[in-house]
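A.B. asks: Okay, here's the structure, questions in a sec.
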Amino acid sequence: MQQGEQECFSWIVDAYQQPIYRYCCRMLGNTQDAEDAVQDVLVKAYQSIRGYKPAVSFSAWLYRIAGNHCLNLLRQRRRQGQFLQLFRPAATVAGPEQELDQRLYSPALEKAIGRLSLEERNLLVLRVFEEQSFPEISAILNINPNALHKRMERIKRKVRETMQAEEGISWNGRESVMSTKI
């Protein structure tokens, strides 16, 4: 490996490791899985850097790799969970991670996010938590901007309806970070 390539990749890691970690953490809901995912994403980026085309921003390209990786992990986790439920006893005790999650997020929000498809969750995380603009999300996910706006409206409506049903939360345009970001 040439010295210049190592320095360039080192700069990429320094600049993007934390934002990609936060994104993976929100997508996967587990810090250990997110740490592993960041390493995998950075390795994939390094291995395919020659395929990067400046038609989209480097950030969008990297988020696309991270998003695809996280979605694959979540699909795999879902398949494994369905299989393991056949052998799991009915009552389980919540671990420390689950207890922390319950304290940090409202049950209504958790349920609303849980009802989203993996792709919908990805859009929500990019827009609300990662604060990506619509043009940037469009580039990351390779989605037509008009279609993206329509999908975001459906996601917003789905989250609102679930939260209203769970806790009777009323939404007006100024109350929620979610309503201003989406």
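A.B. asks: So how exposed is residue 58, as accessible area in Å² (1.4 Å probe, rounded to 10)?
C.D. replies: 40
A.B. asks: If the chain between residue 164 and residue 10 were fully stretched, how many nm would it gain, using 0.36 nm times the residue separation less the Cα-Cα distance?
C.D. replies: Details: separation 154, 0.36 × 154 = 55.44 nm, distance 4.62 nm.
Once the chain is fully extended between residue 164 and residue 10, it gains 50.8 nm.
The values are calculated or read from the model by the stated rules, or taken from the named source; none is laboratory data. Please read these numbers as outputs of a predicted model, since none were measured by experiment. All accessible areas refer to the heavy atoms of the entire protein, side chains included, with ligands and DNA or RNA removed. Shrake-Rupley method; radii C 1.70, N 1.55, O 1.52, S 1.80 Å.
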